[in-house]
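Here is the structure we will look at.
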Amino acid sequence: MAKSWSTEPSEALRVRAGFDLASADLAATPGWEHGEKSAEKRLAADGVHLGEEQERLFAQGRSGGTRSVLLVLQGMDTAGKGGIVRHVLGLVDPQGVQLRSFGVPTEKERAQHYLQRIREALPAPGHIGVFDRSHYEDVLVVRVNQLVPREVWEPRYDEINAFEQEVVDSGTVIVKVALLVSVAEQKARLRERLERPDKYWKFNPGDIDERAKWPLYQEAYQAVLDRTSTDHAPWYAVPADNKWYARLAVGRLLRGALEGLDPEWPPADFDVAAETARLDAQPF
């Protein structure tokens, strides 16, 4: 039998007032005391439940349901966003997943309000949406690199809170995950990409340039966690130096979101007995 959490991630990892990123132990495994091997078994077991819940949610969406889930993955380069997509979302039926990666805005997107491309990528009813980076780039990268003046990005925290309230009110559960990797672990992961030919494709020289701004990014992330962890869309601060723990925690958070929706199989919109009789009446 798979081991259990001592404290659920929804409680252990939720960002509350007073959370201090600078003092956080990013190699810790809050709420999990059983090590990596047991974590693999727990994730596999959670995957079974994820698949069942997601199939019911997808069926509801195909039958007029309005509910959905949005998983927001935010983190520095090498924090493990891609691994979450592969190892956690890979546990469910891909036809019910809508993945969107947000890179540098296109010329068209720059001409629009910064939230427009986010609105266009929100999950359809019955789906799990996944944002690999998100609207928070507009108060992280934009702030750190001074792409717009402070008077432009400063109001965005409140705008984002209001936007997320709209999304929640429309029937979407938002799970916001900050994958937090230490500066030493990030350096090791970047070095691995430079040492392994099969990892070259993941490396971007610009990652080193952004890493040089680490203190500024930590300030920007602290501001995001302080100002946008709300009752309707809280942040979960996931220590990500141990990839296996981050995957386990996100899997559990996603499972909790689906169980909270408690989707049910849609009822038949046809006469079951009559259709059964018609099928049995066929000579072959």
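Side notes on the structure shown:
- Enumeration of residues in region 144-187 that are in contact with an Asp or Glu (Cβ under 9 Å, 6 or more places away or on another chain), part of a helix (DSSP H, G or I) and without any contact (Cβ under 8 Å) to a residue 40 or more places away in the chain: W153, A184
- For region 110-126, taking the residues that are part of a loop (DSSP other than H, G, I, E, B) and either of a type in the set (F, W, Y) or touching a His at 6+ places or on another chain (Cβ under 8 Å) (or both), the one that is most open to solvent (accessible area, probe 1.4 Å) is identified as Y114.
- Yes/no for R227 being crowded, with 20+ Cβ neighbours inside 10 Å and not β-branched (V, I, T): no
- Selected residue [crowded, with 22+ Cβ neighbours inside 10 Å and under 16 Å from the mean Cα position of the chain (by Cα)] from A257, A249: A249
- Residues satisfying the stated conditions in region 83-107, i.e. under 19 Å from A249 (Cβ atoms) and among the basic types (K, R): R86
- When residues of region 95-109 are limited to those that are without any contact (Cβ under 8 Å) to a residue 40 or more places away in the chain and part of a helix (DSSP H, G or I), the one nearest to Y136 (Cα to Cα): E109
- Residue that is part of a loop (DSSP other than H, G, I, E, B), at pLDDT 95 or above, loosely packed, with under 15 Cβ neighbours inside 10 Å and more than 18 Å from the chain's Cα centre (by Cα), where the choices are A27, A2, A22: A27
- Qualifying residue in region 127-146 (condition: out of contact with any Cys (no Cβ under 6 Å at 6 or more places or on another chain), open to solvent by 60 Å² or more (accessible area, probe 1.4 Å) and either of a type in the set (D, E, K, R) or at negative phi (or both)): no
- With respect to the conditions (1) surrounded by 14 or more Cβ atoms within 10 Å (Cβ to Cβ); (2) farther than 30 Å from E154 by Cα; (3) among the hydrophobic types (A, V, I, L, M, F, W, C), W235 falls short on a single one, namely (2).
- Every residue from region 155-173 that is closer than 27 Å to Q54 by Cα, surrounded by fewer than 20 Cβ atoms within 10 Å (Cβ to Cβ) and either of a type in the set (D, E) or at pLDDT below 95 (or both): E166, D169
- Of all residues in region 77-94, none satisfies being closer than 16 Å to V141 by Cβ, touching a Lys or Arg at 6+ places or on another chain (Cβ under 6 Å), open to solvent by 20 Å² or more (accessible area, probe 1.4 Å) and not in a strand (DSSP E or B).
- The sole residue among P205, P263, P215 that is crowded, with 20+ Cβ neighbours inside 10 Å and over 16 Å from the mean Cα position of the chain (by Cα) is P263.
- Region 189-240 - residue that is in a helix (DSSP H, G or I) and of a type in the set (V, I, T) and, of those, modelled with the lowest pLDDT: I208
- Residue match in region 63-74 (condition: assigned to a helix (DSSP H, G or I) and modelled with pLDDT of 95 or more): no
- Residue check, R42 charged (D, E, K, R), within 16 Å of the chain's Cα centre (by Cα) and in a helix (DSSP H, G or I): no
- Screening K243 with (1) open to solvent by 80 Å² or more (accessible area, probe 1.4 Å); (2) more than 22 Å from the chain's Cα centre (by Cα); (3) in contact (Cβ under 8 Å) with a residue 24 or more places away in the chain gives one miss only, at (2).
- Residues that are in contact (Cβ under 8 Å) with a residue 40 or more places away in the chain, closer than 19 Å to S10 by Cβ and out of contact with any helix residue (DSSP H, G or I) (no Cβ under 6 Å at 6 or more places or on another chain), drawn from region 21-41: A24, A28, W32
The values are calculated or read from the model by the stated rules, or taken from the named source; none is laboratory data. Only a predicted model underlies this, so the values are computations on that prediction, with no experimental measurement involved. A quick note on method: Cβ atoms are made from the backbone with ideal geometry, for glycine too, and the neighbour counts reach across all protein chains shown. Only protein heavy atoms, including side chains, enter the accessible area calculation; ligands, DNA and RNA are left aside. Shrake-Rupley method; radii C 1.70, N 1.55, O 1.52, S 1.80 Å.
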